[in-house]
Amino acid sequence: MRWSTIERDLRAQHGPLIAGVDEVGRGPLAGPVVACAVVMPPEKRAMPGINDSKQLSAKKREVMVVRIRERAIAIGIGAASVREIDRYNIYQASVLAIRRALRRLPLTPDHVVVDGRFIRTLDTVHTAVVHGDARCYSIACASIVAKITRDRVMRALARRHPGYRWEHNVGYATAGHLQGIADIGITPHHRRSFLPVRQLS
């Protein structure tokens, strides 16, 4: 079995509508952190090919996100900006993005399951699952949607700010990105709190 019984057990305890939540973009030097909440139909089996977004190729993610959007009962997407990341720190910005994703669901789920550890500041009753994107189907779906959404944002920003290779590295600290910072300097989309002082100067 690809998936654990966590979601099935939560449905028996709380109700059929389980929102899986995941976020992407904690580590990059540039761009927002993006979260997604997904409610998949409880009566249908998991779609083949779904996995933690990090385990799928970019082409496979593009295929699967279409299928997820076609099948999902509800999807909510939230983000926290670079300014918020620098102001609050990446952890609190991630929680903010998750709150926004849940708030943008067009329905109220019976329960929420999030990837990682329990989030004390979330203000939403939830179950936390370590490695949830590999153990819970709805979290894996959320991870794919969040990853695709953030990658598209970074590719759009790459057209406005050429030279950092964001169309390929989506803001992560690759050699090409670091060379762009050295040659051009930083943009408003760079996380100043993530960059060494010598790069800021």
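The values are calculated or read from the model by the stated rules, or taken from the named source; none is laboratory data. No experiment lies behind these values; they were computed from the predicted model shown. Positions of Cβ are generated from backbone atoms using ideal geometry, with glycine treated the same way; all protein chains shown enter the neighbour counts. For the accessible areas, the whole protein counts, side chains as well, though only heavy atoms, and no ligand, DNA or RNA atoms are used. Shrake-Rupley method; radii C 1.70, N 1.55, O 1.52, S 1.80 Å.
For Val33, the residues whose amide H sits under 5 Å from its own are Ala80, ignoring neighbours fewer than 5 places away on the same chain, with H placed 1.01 Å from N.
Distance from the Cα centroid of the range 130-175 to that of the range 11-38 is 13 Å (rounded to whole angstrom).
Can you classify the range 123-176 as rounded, prolate or oblate using the Cα gyration tensor, where a ≥ b ≥ c are the square roots of its eigenvalues, rounded means a/c under 1.5, and otherwise it's prolate if a/b beats b/c and oblate if not? Here the range 123-176 falls in the prolate category. With an a/c value of 1.5 or above and a/b not larger than b/c for the gyration tensor axes a ≥ b ≥ c computed over the alpha-carbon atoms, the range 47-114 is described as oblate.
Looking only at the range 1-134, where both bridge partners belong to it, what percent of the DSSP beta bridges are antiparallel (to the nearest 5)? Counting DSSP beta bridges with both partners in the range 1-134, the antiparallel share is about 60 percent.
Approximating the spin labels as points 7 Å out from Cα along Cα→Cβ, the Met47-to-Arg155 distance works out to 1.8 nm. Against the main long axis of the alpha-carbon atoms of the chain, helix 137-160 sits at an angle near 20°. Taken over the Cα atoms of the chain, the convex hull encloses 117 Å³ per residue.
The trypsin sites (Lys or Arg not before Pro) of the range 117-173 meeting both criteria, a DSSP state outside H, G, I, E and B (loop) and at most 10 other C-beta atoms within 10 angstrom of the site's C-beta, are Arg117, Arg120. Largest accessible area first, the residues His111, His168 order themselves as His168, His111 under a 1.4 Å probe with ligands, DNA and RNA left out.
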